[in-house]
Amino acid sequence: MKNDLWVEKYRPTTIADVIGNEEAKTLFVEWLENKRPTKKAVLLYGPAGVGKTTLVNVAGNEYKFRIIEMNASDTRSEKAINRVATPATSFTGLDKFSSEIKGNLLFLDEVDGIAGNEDRGGVNAIIKIIENTHTPIVMAANDIDIEKLRPLKKLCVLIKFQQTRIPLIIMSLKRICEQENITYEFEALEKIAINSQGDVRSAINDLQGLSEEGRTLTEQDTLALGHRNKDISMYDTLKNYFAAKNTVEATNILSYSTVECDDLLMSIGDNMSKRYTDPTKLAEAYNYLSLSDVFRGRVGTENWHLLKYVYNNLAQAAIVDPESYKPFELVTPPIRVITLFWTKPKRTLLTNICTKIGTQCHTSKHEAKMLFIPYLRLMLQQKKNTSTLIKWLKLTPEEVTFLTGLKMF
Amino acid sequence: MAINEETLMWVEKYRPKNLKDVVDQHDIVESLKAFMRKPKAMPHLMFAGIPGTGKTTTALCIARELFGTQNWKNFTLELNASDERGIDTVRERVKDFSRYSRGAFGDVPFALIILDECDQMTGPAQTALRRIMETSSRTSRFILICNQSSKIIEPIQSRCAIFRFSRLDRTAMVEHLRDIGKKENVNASSEAIWRIVDYAEGDLRHAINALQTAAAYKDGAEVDEKVVSQIIGEASPKQVQLMLNKAINGDFIEARRVMYDIIGIYGFTGAEIIRQMQKELFKISYITPEQKAEFSNILGEYDYRLTQGANSDLQLSALLAQFARVGKALGDSS
C-alpha cells in the first residue's frame, strides 16, 4: 500500500535481512539455539533503531517460538508482569506436541523504561520470573548502566548492539528508493544516513519524509533535516519560543527542546516582560504561564500524562501577540537561582537571629521574623542601652550590624 | 545573670508567671485551675486561637504550677513543630525526654510536652504525632498549640481538651500596657497607647514590642501618638507596599524586582507574600473600595493557584502582571 510507513513495509523478515551488528546477531542466534549451556535470559542493549526488536521478532519466527511481548506502553508493575509472564514461562502450551511451535518466548522490550512508581516492583518481578522460567526470556534496552537494572544484568547474557554503519544504511536506503521508484542523488542518501547517527529507523523515516514520487531527491532537499538528537540549549529554545508565530510552531520548539521542564518554565517567566511590553498582553501571557505551572503541579512525580497540558499552555503564552515580536536580549540563568545564591549569607544570618530570639522568647523562627525582627531592628538603630539586650539575645556584632541595616520586608 | 533587667525584651520580662495573671482569658484559666488541683486527671490539652492571645504563656504557667518554679524546666519539653525538621525529630526528642523524666515529680506522674504551631504540621506528621501521643501517654502530657484547630486531624482533637483563646479585649490590653509602662517608668499618653492597641489587632506581643520600641525612641521623654505613628510606619512592610504600588501603577518590571529583594533576604514563601499583600492592599488610600475588591479577587485566584502549582515565583509574577494590567487600565481611564 502506498501510504504504508516504509519502516514497516521494509522491516526485515529474516535474520539475514537485519543489517549490521553481525556479531551480536550470531551471539543471539547461538543463545536461541541453545548450543552452549548458558543463562536462561538474554539482554540486548544498544542505541535506538539498530534492529534489536526486529531481530527478536524475525529470529523468534525462524526458530518457531511463539513470541509473547510486553513493551514500555504496557504498565509493568509486578502484578501486570506476573499476569502475562507467569503463564507464558511456566508451561509450554498444549500445541507443543501438535504443531511446529517449539514453545513460548517472553520478550520484554524497553526494560530500562521500568521506573519509579508506575512499575513498582517491576525489576524484582522479572528477576523472579527468570529464576523460575522454563522458556527463554529476551529483554531489550537502550541504556543498561542504570542502577535499578544491576541485579537483572547478573542473570542475563548481555549482547551489545552498535550503531549501524553508515554504508549499510546507505545500501538499505538505495534498495528502498529502487523499490519505490524514487530517483535520487547519491549525496542525498549519504546525508540522510550520516544525519541518522546509525539509527536505521530514523533514516528510513527521513527518506520517506523527503522523497516525492516523480521527483529526484537532491542533496538540497536534505537541508530541511533537523539535526537529530541535537541538544537544543536553553538559549536556542527561548529564542525560537518567543519568536514563534503560531501554536504549532511553539509546540514543535517545545517538544524538540531538551531543556528540563521546570528550568524552562522559570526562564520563560524571567523573559516574559521583555517579550511583551504591553501590560494587557503581558498579563495574558503570564496567565497561560501560571496555568502551565498549575498543571506542572498536578503532574507532580507521577501523573506524567498531564504534561501535555503544561506544554499546551506554554505554547499559548508564546503567541499572545505574534506581530509584536522583536528580538531582545535573553536572560538565561534563572533570576530566582541567582538571587537566592547572592542573598544566602544574609538569609542565614537572619535565620540564626530568629533562632536566638525564638529560644529566649518562646516563639518559632517564623513568628520571630514577623513580630520581633521589625521592632528589634528599630531598637538597635537607636544605639542607646542596647548592649544588654544584645547580650541577652546572644547576638554577634555581625548580626547586630546586619539587623541595624536591615530593610523591612 | 548580671544583666540589667531594664533592657530585655519586655514581652519576655512581663510574660505572666501565674495562671491568675494571664490577660483576659478568665474562663479558660478557671477551667485549667481545676486540673491543677488534681493533676493526675489532666488530659492532653489543645490551645487554639490567633497569635498573641496568651496560649504559650498559659502553657508555661501550667508547667510552673505543676512542677514548681524551681523544677519546671526539667520536666517540660518545649518544641516548635514548624521549626523542628520533621516528625522524626519530634518523635526522637519526645521519646528521649519522656524516658528521662519518667515517674516525674511529687504528685505529677508525667512530663509536659508543649508543641507549638501544630497546625503547620502536615497530615502524615500529625498522624505520626497521634501515635507518639498514644505510646507516651503514661509518661507524658501534651499541650498542643495552634492558630486553627480545624487544621488538626480529628483523632488528635478527640484526644485533647480544647480551649479556644479569643481575641483580647482592647481595654484589657490598654491596662496591661499601662501597667508595663508604669514599671518601666515610661510615660505614655493615652492616645499613644490606644493607637498601639488599635494597630496590634488583638496581638499583645505585637503591642508590647511596639511600646518598647517607642520608649527606646523617646529615651525617657513622653511617648506620644506621633512617635507611635512613626514606629508603626517604620515597622510596616515597606517593601511589600512598594511592590504593590509599583504593580498597581503598571510598573511590572520594578514590582518583580522588589519581589525578589524580599524573597532573597527574608526567604518568604509565596503564600506569606500574598498574605502580606492582602493586608497592605486595604491600607492603600488612592484606589476605591471597588477597585480593592477587584485586586483582592486577583489575589484570591493566585493564592489558590499557588496551592496547585509547582513554582510560587511564577504564580507571584503572574499575579503582579495581572495587577499591572488592571492598574494600567485604571490609570488610563482616570
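The values are calculated or read from the model by the stated rules, or taken from the named source; none is laboratory data. Predicted model only: the values in this text are computed from it and were never measured. Here Cβ is always computed from backbone atoms with ideal geometry, including for glycine, and neighbour counts include all displayed protein chains.
Would a scan of the range B:153-175 turn up a residue that is among the β-branched types (Val, Ile, Thr) and in a strand (DSSP E or B)?
yes
So which of B:ILE193, B:ILE180, B:ILE231 is of a type in the set (A, V, I, L, M), facing chain A (nearest Cβ under 9 Å) and assigned to a helix (DSSP H, G or I)?
Exactly one of B:ILE193, B:ILE180, B:ILE231 is of a type in the set (A, V, I, L, M), facing chain A (nearest Cβ under 9 Å) and assigned to a helix (DSSP H, G or I), namely B:ILE231.
Within the range A:24-61, track down each residue that is in a loop (DSSP other than H, G, I, E, B) and within 20 Å of A:LYS9 (Cβ to Cβ).
Hits for the range A:24-61 are A:ALA48, A:GLY49, A:VAL50, A:GLY51.
Taking the range A:371-385 as the region of interest, how many residues are facing chain B (nearest Cβ under 7 Å) and modelled with pLDDT under 90?
Going through the range A:371-385 one residue at a time, the tally reaches 3.
Residue by residue through the range B:224-257, note down the ones that are in contact with a Leu (Cβ under 8 Å, 6 or more places away or on another chain) and without any contact (Cβ under 8 Å) to a residue 40 or more places away in the chain.
Correct list: B:ILE231, B:GLU234, B:ALA235.
Residue-wise test of (1) within 24 Å of the chain's Cα centre (by Cα); (2) closer than 21 Å to B:LYS13 by Cβ; (3) among the acidic types (Asp, Glu).
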{"residue": "B:PHE142", "(1), (2), (3)": "yes, no, no"}
{"residue": "B:ASN147", "(1), (2), (3)": "yes, no, no"}
{"residue": "B:ILE153", "(1), (2), (3)": "yes, no, no"}
{"residue": "B:ILE162", "(1), (2), (3)": "yes, no, no"}
{"residue": "B:THR171", "(1), (2), (3)": "yes, no, no"}
{"residue": "B:LEU177", "(1), (2), (3)": "yes, yes, no"}
{"residue": "B:SER190", "(1), (2), (3)": "no, no, no"}
{"residue": "B:ALA200", "(1), (2), (3)": "yes, yes, no"}
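If I ask for residues that are in contact with a strand residue (DSSP E or B) (Cβ under 7 Å, 6 or more places away or on another chain), crowded, with 19+ Cβ neighbours inside 10 Å and among the hydroxyl-bearing types (Ser, Thr, Tyr), which ones from the range B:114-168 would you list?
Hits for the range B:114-168 are B:THR139, B:SER140, B:SER149.
Of all residues in the range A:207-235, which are at pLDDT below 85, over 21 Å from the mean Cα position of the chain (by Cα) and either farther than 27 Å from A:PRO12 by Cβ or among the charged types (D, E, K, R) (or both)?
If the condition is that a residue be at pLDDT below 85, over 21 Å from the mean Cα position of the chain (by Cα) and either farther than 27 Å from A:PRO12 by Cβ or among the charged types (D, E, K, R) (or both), then A:GLU212, A:GLU213, A:GLY214, A:ARG215, A:GLU219, A:GLN220, A:ASP221, A:LEU223, A:ALA224 are the ones that fit.
If you scan the range B:237-286, which residues turn out to be among the hydroxyl-bearing types (Ser, Thr, Tyr), over 19 Å from A:LEU282 (Cβ atoms) and in contact with a helix residue (DSSP H, G or I) (Cβ under 9 Å, 6 or more places away or on another chain)?
If the condition is that a residue be among the hydroxyl-bearing types (Ser, Thr, Tyr), over 19 Å from A:LEU282 (Cβ atoms) and in contact with a helix residue (DSSP H, G or I) (Cβ under 9 Å, 6 or more places away or on another chain), then B:TYR266, B:THR269, B:TYR286 are the ones that fit.
Taking B:LYS183 and the conditions (1) under 25 Å from B:LYS13 (Cβ atoms); (2) modelled with pLDDT under 90; (3) surrounded by fewer than 19 Cβ atoms within 10 Å (Cβ to Cβ); (4) not polar (S, T, N, Q), which numbered condition does it fall short on, given that it satisfies the others?
Going through the list (1) under 25 Å from B:LYS13 (Cβ atoms); (2) modelled with pLDDT under 90; (3) surrounded by fewer than 19 Cβ atoms within 10 Å (Cβ to Cβ); (4) not polar (S, T, N, Q), B:LYS183 breaks only (2).
Quick one: B:LEU211 ticks every box in (1) modelled with pLDDT of 95 or more; (2) under 24 Å from B:LEU320 (Cβ atoms) bar one, so which box is it?
It is condition (2) that B:LEU211 fails.
Taking the range B:188-206 as the search range and keeping residues that are under 12 Å from B:ARG167 (Cβ atoms) and touching a His at 6+ places or on another chain (Cβ under 8 Å), which one is modelled with the lowest pLDDT?
B:ALA200
Can you tell me which residue within the range B:116-143, out of those that are within 14 Å of chain A (Cβ to nearest Cβ) and in a strand (DSSP E or B), is farthest from B:PHE47 (Cα to Cα)?
B:ASP116
Counting only residues that are assigned to a loop (DSSP other than H, G, I, E, B) and at pLDDT below 50, which one in the range A:94-129 is farthest from A:LEU55 (Cα to Cα)?
Selected residue: A:ASN117.
Any residue in the range A:286-313 that is buried (at least 16 other Cβ atoms within 10 Å of the Cβ) sitting within a Cβ distance under 6 Å of a residue that is charged (D, E, K, R)? List the pairs, counting only those 6 or more apart or interchain.
Qualifying pairs under 6 Å: A:SER290/B:ARG305; A:VAL294/B:ARG305; A:VAL310/A:ARG296.
Count, please, the residues in the range B:236-279 that happen to be more than 21 Å from A:LYS369 (Cα to Cα) and not in a helix (DSSP H, G or I).
Of the residues in the range B:236-279, 3 are more than 21 Å from A:LYS369 (Cα to Cα) and not in a helix (DSSP H, G or I).
Filter the helices (runs of 4 or more DSSP H) completely within the range A:297-389 down to those with at least 1 residues that are not assigned by TED's automatic domain parsing to the domain that holds A:LEU264.
By residue number, A:335-361, A:373-382.
When you check A:SER324 against the structure, is it facing chain B (nearest Cβ under 9 Å) and closer than 25 Å to B:ILE298 by Cβ, yes or no?
So A:SER324 fails the test.
Of all residues in the range B:46-92 being among the charged types (D, E, K, R) and assigned to a loop (DSSP other than H, G, I, E, B), which is nearest to A:THR359 (Cα to Cα)?
My answer is B:ASP83.
Of everything in the range A:353-370 that's over 18 Å from A:VAL400 (Cβ atoms) and facing chain B (nearest Cβ under 8 Å), which residue is farthest from the chain's Cα centre (by Cα)?
Of everything passing the filter in the range A:353-370, A:HIS362 is farthest from the chain's Cα centre (by Cα).
Output the residues belonging to the range B:299-313 that are farther than 16 Å from B:GLN278 by Cα and in a helix (DSSP H, G or I).
Hits for the range B:299-313 are B:THR307, B:GLN308, B:SER312, B:ASP313.
For the range A:391-401, which residues satisfy the criterion of being facing chain B (nearest Cβ under 9 Å) and either under 51 Å from the mean Cα position of the chain (by Cα) or under 12 Å from A:ILE353 (Cβ atoms) (or both)?
A:LEU393
Can you tell me which residue among A:SER202, A:SER255, A:SER211 is in the same structural domain as A:ILE319 (by TED's automatic domain parsing) and among the hydroxyl-bearing types (Ser, Thr, Tyr)?
Among A:SER202, A:SER255, A:SER211, only A:SER255 is in the same structural domain as A:ILE319 (by TED's automatic domain parsing) and among the hydroxyl-bearing types (Ser, Thr, Tyr).
Can you run down the residue pairs with Cβ atoms below 6 Å, 6 or more apart or on separate chains, where the first is in the range B:292-317 and closer than 18 Å to B:LEU244 by Cα and more than 10 Å from chain A (Cβ to nearest Cβ) and the partner is surrounded by fewer than 20 Cβ atoms within 10 Å (Cβ to Cβ) and among the polar types (S, T, N, Q)?
Correct list of pairs: B:LEU299/B:GLN278.
For the range A:333-342, indicate whether the set of residues that are more than 9 Å from chain B (Cβ to nearest Cβ) and at pLDDT 90 or above is non-empty.
Among the residues of the range A:333-342, not one is more than 9 Å from chain B (Cβ to nearest Cβ) and at pLDDT 90 or above, which makes the answer no.
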